[in-house]
Every structure is written in structure tokens, then in C-alpha cells.
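Below is one structure, written out as C-alpha cells, with a few remarks after it.
Bear in mind these aren't lab numbers, they're just calculated from the coordinates by the rules spelled out. Bear in mind that the values here come from a model prediction, so they are computed numbers and not experimental data. When we count neighbours, we look across all protein chains shown, and the Cβ atoms used for this are built from the backbone with ideal geometry, even at glycine.
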Amino acid sequence: MTTNEFQHTVAPIKDKLYRFALRMLDNIPEAQDVVQEVLIKLWQQRERLTQVTNVEAWTMRMTSNMSIDKMRNKHWRTEDVSGIVQFATPASSPDRLTEQADTMQHISNVIAQLPEKQRSVMHLRDIEGYSYQEIEEALGIPLNQVKVNLFRARKYVRTQLTASGILNS
């Protein structure tokens, strides 16, 4: 695989890899390191890339595995969703902005309480927009486990947000 082919194949997914690593690690330098390590490994294995049917899923799995390794080493357990949804408009009042920031912090805390697999599945499905099959390939878990983890994650988040009054029943 040539440099141009590599850039054409890998460059479009680099930002997704970074967002995924950042979502898992909640640490910009650590996420950048993980993505850099993934890209180096991809370059070293560039001849194998032509044999991979879904390069994006394969690289997401590499990113997930490296992020999990970093978390195990550092014991990171936080989640920041403030950049995912933006409620604010240019005309929003300071009170409204503070309320929205508090809501996002509460959602972040709820998501941080999820087990790692549930957090990963929820991120890939609800934030990145991956299909169930792509998540299955990226995380290396069976399709039924993808669906169960997503269902449980959504149910837990919904229950917690309803109990706190953020969502209406």
C-alpha cells in the first residue's frame, strides 16, 4: 500500500478515532497518544490493510483496545459529554446557559457510571452513528451483546434522568 492509498483509506476516519478515544479516556493528551499509536500500527501493518474488509471497524477496535489498556493503567473513570449536544443559542441568557451546563454535567455523571462496554456501545451507536454490525466488529462482541448493552445503557440513563427530573416520564 502506497502513502497516498494509506492517506486515502485512513485519513477520513482519524477524527472518529480521536473522538472515540477521547470519549473513553476523557483526556486530550491520552486520546491523542492512542490515536497516534493506532496510526503507527496501521502504517506498520499497511500491507494487511488491503485484506481487511472494514478498515474503519478494525481501527475502531484497535482504538478501543488501546484506550482500555490506558484506562486500566491509569484507572480513568470519567466521561465528558459537554461537546456532544449544544442547547445554547446566541440569544441564550446566562441563567439558561448555566442550567444547560448543569444538565450536561449531570448527564455526563450518569454516563460515567455505566460499565465500560455499555459506555462504548452507547457512544458508537448514539454519538458516532455506527450500525450494530459495525459496533460488533469494532468492539469484538457478538451482535446480541451489542443490543443488550445498548438497551441496558439507554434504560439506565433514562431512569437516572427521569428520577432527577431532567426527563419527563
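The aspartates and glutamates whose alpha-carbon is closer than 14 Å to the alpha-carbon of Lys16, local same-chain residues fewer than 8 away aside, are Glu56, Asp126, Glu128, Glu134. With Kirkwood's inverse mean 1/r over C-alpha pairs for Rh, give me the Rg to Rh ratio of region 94-163, two decimals please. With Rg and the Kirkwood Rh in hand, the quotient comes to 1.07.
Restricting the calculation to Cα atoms, region 1-64 shows an Rg/Rh of 0.97 when the hydrodynamic-style radius is the Kirkwood one. Taking label points 7 Å from Cα along the Cα-to-Cβ direction, Thr98 and Asn144 give a separation of 5.1 nm. Between Leu161 and Ile28, the simple spin-label model (points 7 angstrom out along Cα→Cβ) gives 2.7 nm. Pairwise alpha-carbon distances in the chain exceed 22 Å for 49% of all pairs.
Report, in listed order, any pair from Lys14/Lys155; Lys41/Lys147; Lys70/Lys117 with a Cα-Cα distance greater than 27 Å.
Details: Lys14/Lys155 31 Å; Lys41/Lys147 30 Å; Lys70/Lys117 15 Å.
Violating the 27 Å Cα-Cα cut-off are Lys14/Lys155; Lys41/Lys147.
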